[in-house]
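Here is the structure we will look at.
Derivation of every value follows stated rules applied to the coordinates shown; laboratory data play no part. In this text the structure is predicted, and so the values were computed from the model without any measurement. Reconstructed Cβ throughout: ideal geometry from the backbone, glycine too, with neighbour counts over all protein chains shown.
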Amino acid sequence: METVKLVIQIPRYEIAFLAFILESYEGVATMRTRDAQQGIVELLTPPQQRSELKEILRDLESEFNIKYLTPTL
């Protein structure tokens, strides 16, 4: 299955919150923690879910800082 990969950095104490949010949107993205100390996570999303993931991340930016380490969706 084709996926789009996005790597972001968030406050490390927000990793569990982000995982919880993404789980509630079943099928939008799979999250992997690359470096918990640095708050670096990898998001894998199907191409057809890119816009929904982008909207979720845009909404979360009002809650905490998100630094995009790869080009945005």
*Per residue, what volume in Å³ does the Cα convex hull of the chain take up?*
79 Å³
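Which longest run of the chain has no exposed loop site in it, a site being chymotrypsin sites (Phe, Trp or Tyr not before Pro) in a DSSP loop with at most 13 other beta carbons within 10 Å, and the site itself not part of the run?
Details: sites that count: Y25, F64.
The longest uninterrupted stretch comes out as 26-63.
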